[in-house]
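Worksheet: one structure, shown below.
The values are calculated or read from the model by the stated rules, or taken from the named source; none is laboratory data. All of these numbers come straight from a predicted model, not from anything done at the bench. Here the Cβ positions follow ideal geometry from the backbone for every residue, glycine too, while neighbour counts run over all protein chains shown.
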Amino acid sequence: MNITFRQLKVFDAVARHLSYTRAAEELFLSQPAVSMQIKQLEDNLGIPLFEQLGKKIYLTEGGRELYHYGHAISQQLEEADAVFEQLKGLKKGRLKVSVASTANYFATRLLASFSKTYEGVTVMLDVTNRKSLLDQLEHNETDLVIMGRPPLELDLVTEAFADNPLVVIAPPNHPLTRESHIPLKRLQKETFVVREFGSGTRIAMERFFSDRGVRLTTGMEMTSNEAIKQAVEAGLGLGIVSVHTLGLELETRRLSILNAEAFPILRHWYVVHRKGKRLSPVAQAFREFVLTEAPKLLGTT
Ligand code: PGA
């Protein structure tokens, strides 16, 4: 077998996107250059890696095998890179951080002040929902994750650093804003605008209501907290969001927090990485930075 790391990297991108065009965009290459690398790889291996059905491409069985091994090799290379970084110290390096959509309300500010201290560090931030954070951890695709309660099934190192209270929001003219103690059963009469499946907020609110035997009527489903807040403001229903997503909306009285029984739902923020992962000095420094600075930023010290 005579294949290069470069070819593996190109193959990995095409296999992830199942698109030559998107792989080319990711790698800053032209589409013909990507096709050529794949062709050479197929010639070297003597098997086809993709098949085209209609307009779509799919991995062949051989392609799936190579994806599995290629992915493991790239992760190992990244870890080796991190070790070399360690030898070079903290002046330079790359940090891959992935955060829950809801955590982005403070994570960006944290990264900004971290970057001021460590100017040579290049940060790659991915903002996504809980489900894809778990996929990234499982496939070792990120250094550190900031998320809500991590699952016990994965082998993770998890450290809680701040509270994350979830509250019920309503438009300021909603009749429930005048009530000082809203029984949970009363909320059954309302429709809730909810986050998408895979969101930690969504899972937490569903668990909260089902544990208390309260039926929840869900209306529109949205993939961002911003969309939820705007929908609630527009009168499409009530919403449940983290207080960390609210700021100006409360000050400018565009949204109100309801005094509902048993609320807020108490969640916590965690900084998480895979057990056994060798954190680079930069990742280690960021982990410590989150543990000390985030509680100050969120006012939960
Ligand atoms: P989410 O995660 O942005 O996916 O809802 C937040 C959380 O887990 O609390």
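Would it be correct to say that T142 is outside any loop (DSSP other than H, G, I, E, B) and of a type in the set (V, I, T)? Criteria not met by T142. Inclusion of A82 among residues that are crowded, with 19+ Cβ neighbours inside 10 Å, among the small types (G, A, S) and within 16 Å of the ligand (Cβ to nearest atom) is not warranted. Under the condition of being surrounded by fewer than 14 Cβ atoms within 10 Å (Cβ to Cβ) and assigned to a strand (DSSP E or B), the residues counted in the stretch 260-301 number 1. Only residues that are assigned to a loop (DSSP other than H, G, I, E, B) and closer than 10 Å to I169 by Cα were counted in the stretch 225-250, giving 2. I'm trying to understand the selection: among the residues of the stretch 201-224, which are assigned to a loop (DSSP other than H, G, I, E, B) and farther than 19 Å from S101 by Cβ? R212, G213, V214, R215, L216, listed by residue number. The criterion of being more than 16 Å from the ligand (Cβ to nearest atom), aromatic (F, W, Y) and buried (at least 16 other Cβ atoms within 10 Å of the Cβ) holds for F50.
In the stretch 145-169, the residue that is surrounded by the fewest Cβ atoms within 10 Å (Cβ to Cβ) out of those that are hydrophobic (A, V, I, L, M, F, W, C) and either more than 13 Å from the ligand (Cβ to nearest atom) or assigned to a helix (DSSP H, G or I) (or both) is L152.
Taken together, T218, T223 contain a single residue that is among the β-branched types (V, I, T), within 16 Å of the ligand (Cβ to nearest atom), in the same structural domain as P172 (by TED's automatic domain parsing) and more than 19 Å from the chain's Cα centre (by Cα), which is T218.
Inclusion of R253 among residues that are over 24 Å from the mean Cα position of the chain (by Cα), within 29 Å of A294 (Cβ to Cβ) and assigned to a loop (DSSP other than H, G, I, E, B) is warranted.
Contact map, the stretch 280-298: first residue charged (D, E, K, R), second residue modelled with pLDDT under 90, Cβ cut-off under 7 Å, separation 6 or more or different chains; pairs are R287/L279. Here's a check for you: in the stretch 179-200, which residue that is part of a strand (DSSP E or B) and within 16 Å of the ligand (Cβ to nearest atom) is nearest to the chain's Cα centre (by Cα)? Residue satisfying both the conditions and the ranking: R195. One residue is enough: does the stretch 270-277 have a residue meeting the conditions in contact with a helix residue (DSSP H, G or I) (Cβ under 9 Å, 6 or more places away or on another chain), within 12 Å of the ligand (Cβ to nearest atom) and either among the hydrophobic types (A, V, I, L, M, F, W, C) or under 26 Å from M124 (Cβ atoms) (or both)? Scanning the stretch 270-277 turns up at least one residue that is in contact with a helix residue (DSSP H, G or I) (Cβ under 9 Å, 6 or more places away or on another chain), within 12 Å of the ligand (Cβ to nearest atom) and either among the hydrophobic types (A, V, I, L, M, F, W, C) or under 26 Å from M124 (Cβ atoms) (or both).
Farther than 15 Å from A103 by Cβ and without any contact (Cβ under 8 Å) to a residue 40 or more places away in the chain, is that true of P151? Spelling it out, P151 is indeed farther than 15 Å from A103 by Cβ and without any contact (Cβ under 8 Å) to a residue 40 or more places away in the chain.
Residue count for the stretch 119-139 under the criterion of being surrounded by 16 or more Cβ atoms within 10 Å (Cβ to Cβ) and part of a strand (DSSP E or B): the result is 4.
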